[in-house]
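The values are calculated or read from the model by the stated rules, or taken from the named source; none is laboratory data. Values in this document were obtained by computation on a predicted structure and should not be read as measured data. When we count neighbours, we look across all protein chains shown, and the Cβ atoms used for this are built from the backbone with ideal geometry, even at glycine. Side chains are part of the model used for accessible areas, which takes the heavy atoms of the whole protein and leaves out ligands, DNA and RNA. Shrake-Rupley method; radii C 1.70, N 1.55, O 1.52, S 1.80 Å.
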Amino acid sequence: MQNFLNKNLIKKTLLILFFIELLSFLSHVFPSLNIVSFFILIIFTLILSIKDLKYGVIIVLVELLISSKGYLFYLEFDENKFPIRIALWGIVMYVWFIQEIYNFIKNKKIDLSQYDKKYIYYLIGLLVFVLCGIVNGFLNNNFKSNIFNDVNAWFYFLLIFPVLKTLSTNENKKLFLNYFLIGTSWTSLKTLFLFYLFTHDFSFLGLVYKWIRDTGVGEITRMQGGFYRIFFQTHIFIILAFFISFNYLLALYKQKTKYHNLYITFFGLSVLFLSVNILNFSRSNWLGILFGFVMYTLIIFWVHGVKNLFYYFKNIFKVLFFSFIIFYLIIEFPLPIGDGNSINMGKALKERTRQIEGEAGASSRWALLPKLTEKIKQSPILGQGFGSTVTYPSSDPRIKNEENPEGNYTTFAFEWGWLDIWIKLGVFGLIIYLTLIFKILFKKFSIKNIKNLFTGTDIIKQSVFIGVLVICIVHIFSPYLNHPLGIGYLIIASLYLNDDVV
C-alpha cells in the first residue's frame with residue numbers, strides 16, 4: 001500500500017493554517033487588520049490561481065474545511081458582511097472562465113475532455129431548476145433579500161468545473177487528499193483546543209467565544225454535567241475524514257509490522273476524528289456516523305465474511321476507547337487549575353441522547369416539520385421558489401420570551417434539508433438533485449459493481465462512497481446539501497468517484 005502522505009507539505013500547511021487562524025483572531029480584536037488581511041489573501045489567491053489554477057482551487061476547498069460559514073475574514077457594508085468565501089470562489093471561477101475563453105479562441109472549439117459528462121448534464125438540469133426557483137420566488141412575492149441569501153449557495157456548484165479540470169489526475173488527487181486530511185485535522189485540533197479552554201478557568205474565554213460566534217465558525221454551549229459542546233458545521237467533513245482514516249487503518253492492520261509508523265498515523269487520525277465527532281454532540285452527525293458504521297459492517301460481512309468483522313470491531317473499540325481517553329486527559333489536565341473534576345461527560349451524553357423532545361433545538365425542529373409539510377402541499381410540483389418562508393413556534397429561549405411568549409419565528413432556512421429543497425425547487429427539482437447524487441455514486445448501478453468496489457483495494461473510493469450516503473442521511477435533519485459545505489462535499493466526492501467507480 002502506497003503512502004500518499006507528504007510530511008513536508010503537512011508541516012508547512014499546518015503552520016500556514018495556524019498563522020491564518022491567529023490573523024483571524026487578531027483581526028477580530030483589531031477590525032482594521034481584518035480589511036488588510038482580506039485583501040492580502042484574495043490577492044495572494046489571484047496570483048496563485050493565474051500561475052496554476054489548481055492552487056486556487058485547493059485554497060477554496062481548504063477554506064471550506066476550516067471555516068463553517070466563510071467569515072474568518074470579511075468586508076462590512078452597512079452592517080452587511082461580505083465573506084471571504086465568496087471572494088475566493090469568485091476569483092477561481094473568474095480565472096477558470098478566462099482560461100476557457102482563451103482556449104476556445106486559440107483552439108476554435110470547447111474542450112470537454114477533462115470534465116465528466118455524466119455529471120455535467122445533470123448539473124445543468126439542476127441549475128435550470130435553480131433559475132426557475134429564483135423566478136418562482138419573485139412570482140410568489142418573496143422578499144428579494146431572502147431570495148438572494150437563499151439561492152447564492154447553489155451557484156457554488158459551478159466550482160465543479162475548475163475542480164475536475166485541475167485535480168482529476170491521480171497525482172493531483174493524492175495532493176488534494178493531503179490537504180483534505182490536513183484541513184480536517186486542523187479543524188479537529190482547534191475543536192479539542194477550544195474544549196480544553198472552556199473546561200478550564202481562562203480569563204479570555206469571552207473574547208474567544210465572541211470570535212467563534214462572530215466568524216460563524218461554530219457554537220459553544222455548556223451542557224448537562226458541566227460538559228461543553230463544541231460544534232462546527234464544517235465537522236461534516238470530519239465524518240468523511242474519519243471513514244477514510246479508519247478504512248486505511250483496517251487495510252494496514254494485517255500489515256502493521258511492515259507499515260508500523262503508517263498504522264500508528266492512521267490510528268491517531270481515526271481517534272482524533274472520532275473524538276471530535278463525539279464531542280460536537282450533533283445528533284444528526286451521530287445518526288450519520290451510525291448509519292455509516294451499519295452500512296460498512298454489512299458490506300464487510302457481505303464481501304469479506306465473519307473473519308474480517310473481528311478485525312473491524314476490534315479496531316472500532318480501540319479507536320473509541322482512546323477517543324474517550326482524550327476527553328479524560330483534556331478535562332483533567334492540571335494547568336491551569338480548572339473545574340475538570342465537576343465535569344460529567346457520561347451525564348451529558350445520556351441527556352443529549354434522551355432529550356429528543358424536551359431540548360429546545362429538537363423541539364423547534366419537530367415543531368417546524370408539520371409547517372413544512374403544509375407548505376409543500378400548497379405547491380408540490382413547482383414549489384414556491386427561493387426565499388419562501390414558514391412561521392412556526394420555536395422553543396429557542398432567544399426567541400421565546402416575554403415579548404414573544406408563543407415563540408413564533410419566521411424563516412426561509414429550514415432544518416429539514418430535503419423538505420427545504422422540495423419547497424424551493426418543487427418535486428422535479430428534488431428528483432434531479434437526487435439523480436445527480438446517484439450519478440456521483442454510480443457510473444452504472446449493479447450489485448456486482450458495488451461488491452467489486454469493496455472487494456478491491458481503492459480505499460478512498462470506498463470511503464467516499466460511504467461518506468456520500470452519510471451526508472444524505474444527515475441532510476434529512478440538518479441542511480447541508482443546499483449549503484456550500486454540502487455542495488463542496490459532493491464536489492470533492494465527484495473528484496474521487498468520477499472515473500470507473502460503480
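Residue under question is Ser24, and the condition is that it be open to solvent by 10 Å² or more (accessible area, probe 1.4 Å) and in a helix (DSSP H, G or I); does it hold? Here the answer is no, as Ser24 does not meet what is asked.
Taking the criterion of being open to solvent by less than 30 Å² (accessible area, probe 1.4 Å) and at pLDDT 90 or above, the residues of the stretch 317-335 that qualify are Val319, Ser323. Selection within the stretch 42-64: residues that are open to solvent by 40 Å² or more (accessible area, probe 1.4 Å) and of a type outside the set (D, E, K, R). The member of this set that is nearest to Thr215 (Cα to Cα) is Ile59.
Taking the residues in the stretch 270-308 that are under 21 Å from Ala251 (Cβ atoms), open to solvent by 40 Å² or more (accessible area, probe 1.4 Å) and of a type in the set (A, V, I, L, M) as candidates, determine which candidate is farthest from the chain's Cα centre (by Cα). Restricting to residues being under 21 Å from Ala251 (Cβ atoms), open to solvent by 40 Å² or more (accessible area, probe 1.4 Å) and of a type in the set (A, V, I, L, M), the top hit is Val306.
Can we say Phe157 is open to solvent by 40 Å² or more (accessible area, probe 1.4 Å) and either under 25 Å from the mean Cα position of the chain (by Cα) or at pLDDT below 95 (or both)? Here the answer is no, as Phe157 does not meet what is asked. For the stretch 158-172, give me each residue that is in contact (Cβ under 8 Å) with a residue 24 or more places away in the chain and over 16 Å from Leu497 (Cβ atoms). Those that are in contact (Cβ under 8 Å) with a residue 24 or more places away in the chain and over 16 Å from Leu497 (Cβ atoms): Leu158, Leu159, Phe161, Pro162, Lys165, Thr166. Which pairs do you get when a residue that is among the aliphatic types (A, V, I, L, M), found in the stretch 107-134, comes within reach of a residue that is loosely packed, with under 14 Cβ neighbours inside 10 Å and modelled with pLDDT of 80 or more, reach meaning Cβ atoms under 7 angstrom, with the pair 6+ apart or on two chains? Sorted first by the residue in the stretch 107-134, then by its partner, the pairs are Ile110/Phe104. Got at least one residue in the stretch 65-85 being touching a residue at least 24 places away in the same chain (Cβ under 8 Å), farther than 20 Å from Leu175 by Cβ, in a helix (DSSP H, G or I) and open to solvent by less than 60 Å² (accessible area, probe 1.4 Å)? Yes, the conditions are met somewhere in the stretch 65-85.
With respect to (1) open to solvent by 20 Å² or more (accessible area, probe 1.4 Å); (2) assigned to a helix (DSSP H, G or I), the lone exception for Gln255 is condition (2).
When each of Tyr228, Tyr209 is tested for being surrounded by fewer than 19 Cβ atoms within 10 Å (Cβ to Cβ) and closer than 22 Å to Ser282 by Cβ, the lone residue that passes is Tyr209.
Selection within the stretch 212-226: residues that are modelled with pLDDT under 90 and of a type outside the set (Gly, Ala, Ser). The member of this set that is farthest from Asn80 (Cα to Cα) is Gln224. Which residue is surrounded by the most Cβ atoms within 10 Å (Cβ to Cβ), if the candidates are limited to the stretch 1-21 and must be outside any helix (DSSP H, G or I) and of a type in the set (A, V, I, L, M)? Only one residue tops the list, namely Leu5.
Tyr94 falls short on exactly one of the conditions (1) touching a residue at least 60 places away in the same chain (Cβ under 8 Å); (2) out of contact with any Pro (no Cβ under 9 Å at 6 or more places or on another chain), and that condition is (1). So which helices (runs of 4 or more DSSP H) stay within the stretch 414-502 end to end and still have 3 or more residues that are within 15 Å of the chain's Cα centre (by Cα)? Helices (runs of 4 or more DSSP H) meeting the threshold: 459-477, 484-496.
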